[in-house]
Amino acid sequence: MTAAAIAAAVRSGERRAATVTEASLAAIAAGEGEIHAFALVLADGARRRAEEIDAQVAAGQDPGPLAGVPVALKDNLCTRGVPTTCCSRILEGWLPPYDATVVKRLAAAGAVVVGKSNMDEFAMGSSTETSAFGPTRNPRDTSRVPGGSSGGSAAAVAAGFTPVALGSDTGGSIRQPAALCGVVGMKPTYGTVSRYGLVAFASSLDQVGPLATTVADAALLFDVIGGRDERDTTSLDRPAPRLASVVGQGVEGMTIGVLAEYLEGADPAVAGRIAQAAEVLAAAGARVEEVSVPEVRLGLSAYYLIAPAEASSTLARYDGVRYGLRVDAEDTAAMNVATRSAGFGAEVKRRIMLGTYALSAGYVDAYYGQALRVRTRIIDGFAAAYERCDALLGPTAPTTAFALGAKLDDPLSMYLSDVCTIPTNLAGHPAISVPFGTGADGLPVGAQVLAPALAEATMFKVAAVLEAGAPAVGAGS
Ligand code: GLN
């Protein structure tokens, strides 16, 4: 059942939130042992919350647009009094004293949080294998990764544990796992969704967004979590786009560019699906043309300087004094070193070292400064494409889900799985991944729709047409 259908049934009194919650908890109990989508399941809290919602309905009140809808929250979203670990040892035992703004907004809309979902440690990764709690498996094929870093959220939705989930996307961490698990995932325009209470990885790139089984559910969730928040200084001082009503309006008269660079390294079966997606849009009345934004080829290298540089700064707060883990030693400096050595995993340490180097005196202009100049060129490149096009189309990831362990010891090959998602974060633009058939291995392919800043409405119209015209997962071409 979709989130929209659940909320409608609960609001009308046709279905109890308690029944919906039990169904979600039962699905988790049956499948979680194999999938491991969660760092923490919050069964008691979910049951209490569902009862509150049912009491509201019984009293004639409206619990809101997500009434009784079970959600999974990525474990980098702060939940008051509930462990929030970013799947890192270093945050072991830390209980946030406050809720993230998105968590508050979900609660105010009637949602029921059933758990904190598994993720790559501090959202650094593309497979959910760097989690300190062990990997998540892809529900479509449990020998494969679910993608990452929001792999737990994507797997929870794909496995039918929850109809919707929240993730965060710094370089593709919502869209890439959505693509690999065959669900919808959206990265909003930077500044439209509050980052207050999202544990920072790279603050100029991080954005919270929805994962869902349908484009309409993603729109519903975005409408609840989006909008100005005074607690986030990067929150845009304007209303967020409203999306629920635009789904279904079609693409007639739009010009949509197929992004040539994103097809360059793509698996042939994935590229074939994107060509098929372009045909669907053309048949629906859009003008489809090939477009080139050569600057996006520089995205990956710029990102792997900018994101680690910011991470080396945002992660400096984990010093054994203020949060979570402390490994005692003879003095404070030695305690800091011992805590960080024990608390951070290998990928996080790699990023901190890379970022510290990129920012060090004598190198900062050659590395970090150069990366910022590239970032500006990418923004300009997209702007040129959007003079002609309303939206762009490409694959979300160059391949379908890869095998567990396949890339864990090869960071560069792991990093390459985000080659088609990273430029969007560098530009601050929105993008959405929609399931569009399968690859040669029978696993889901994601079609990615990119749009200019704040053009989420356009993007959702395109996404809905792709969803309606998509070959079923498992169907041949
Ligand atoms: N996979 C990318 C990385 O490892 C992006 C992660 C993300 O979006 N949080 O940095």
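So which lysines can Lys407 reach, going by Cα to Cα under 24 Å and dropping same-chain residues fewer than 8 places off? Filter leaves Lys74, Lys349. Both radii were evaluated on the Cα set of the range 171-299; the Rg over Rh quotient, with Rh as the Kirkwood radius, amounts to 0.99.
Can you list the aspartates and glutamates whose alpha carbon sits under 14 Å from that of Lys461, skipping same-chain ones fewer than 8 residues off? Candidates past the 8-residue exclusion: Asp217, Glu252, Asp390. Model label points for Val364 and Arg47, set 7 angstrom from Cα along the Cα-to-Cβ axis, are 5.5 nm apart. Based on protein heavy atoms only, the chain ends up with 36 Å² per residue of surface accessible to a 1.4 Å probe.
Computed 3J(HN,Hα) for the range 282-293, one whole-Hz value per residue from the Karplus formula 6.51 cos²θ - 1.76 cosθ + 1.60 where θ = phi - 60°, is 5, 5, 8, x, 8, 8, 10, 9, 7, 9, 10, 10, glycine and proline marked x. In the chain, the portion of solvent-accessible area held by carbon and sulfur atoms comes to 53 percent [1.4 Å probe, whole percent, DNA, RNA and ligands not counted]. Computed on the Cα trace of the chain, the radius of gyration divided by the Kirkwood hydrodynamic radius gives Rg/Rh = 0.96. Computed across the range 397-460, the Kirkwood radius stands at 13.3 Å (inverse of mean 1/r, all Cα pairs). Reported to the nearest whole Å, the Cα centre-to-centre distance from the range 138-216 to the range 80-99 is 20.
Of all beta bridges that DSSP places with both ends in the chain, some 65 percent have antiparallel geometry. Across the range 99-207, the fraction of Cα-Cα pairs farther apart than 20 Å, rounded to a whole number, is 36%.
For the set Lys74, Lys104, solvent exposure ranked by accessible area (probe 1.4 Å, protein chains only) runs largest to smallest as Lys104, Lys74.
In this label model, Ala58 and Ala260 are separated by 6.5 nm, measuring between points 7 Å along each Cα→Cβ vector. When peptides 58-70, 145-157 are sorted by average Cβ neighbour count within 10 Å, with the highest value leading, the order is 145-157, 58-70. By the rule of a C-alpha distance below 19 Å, with chain neighbours fewer than 8 residues away ignored, the aspartates and glutamates paired with Lys116 are Glu22, Glu32, Glu34, Asp44, Asp75, Glu92, Asp99, Glu129, Asp169, Asp206. For the chain, the mean residue ellipticity at 222 nm estimated from helices alone is -12000 deg cm²/dmol, where every DSSP H run of n ≥ 4 contributes -39500 (n - 2.57) and the total is divided by all residues, rounded to the nearest 500.
Couplings 3J(HN,Hα) of the range 36-45, computed from phi: 6, 7, 10, 7, 7, 9, 10, 4, 5, x Hz, in residue order, whole Hz [Karplus 6.51 cos²θ - 1.76 cosθ + 1.60, θ = phi - 60°; x for Gly and Pro]. Charged side chains reduced to their Cβ positions (Lys and Arg at +1, Asp and Glu at -1) give the chain a dipole of some 500 debye around its Cα centre.
Spin-label pair Glu290-Arg80: with each label point 7 Å from Cα along the Cα-Cβ axis, the two points sit 5.6 nm from one another. Both radii come from the Cα set of the range 257-320: Rg as radius of gyration, Rh as Kirkwood radius; their ratio Rg/Rh reads 1.25.
Near the amide H of Val258, within less than 5 Å, lie the amide hydrogens of Glu289, Glu290, Val291, Leu393, all on another chain or at least 5 residues away, with H placed in the peptide plane. For Ser143 and Val321, what does the FRET efficiency come to when R0 = 41 Å and r is the distance between their Cβ atoms, rounded to the nearest 0.05? The value I calculate is 0.45.
The values are calculated or read from the model by the stated rules, or taken from the named source; none is laboratory data. Worth saying up front: this structure is predicted, and the values here are computed from it rather than measured. Please note: Cβ atoms are built from the backbone with ideal geometry, for glycine as well, and neighbour counts cover all protein chains shown. Calculation scope for accessible area: heavy atoms of the full protein, side chains included, ligands and nucleic acids excluded. Shrake-Rupley method; radii C 1.70, N 1.55, O 1.52, S 1.80 Å.
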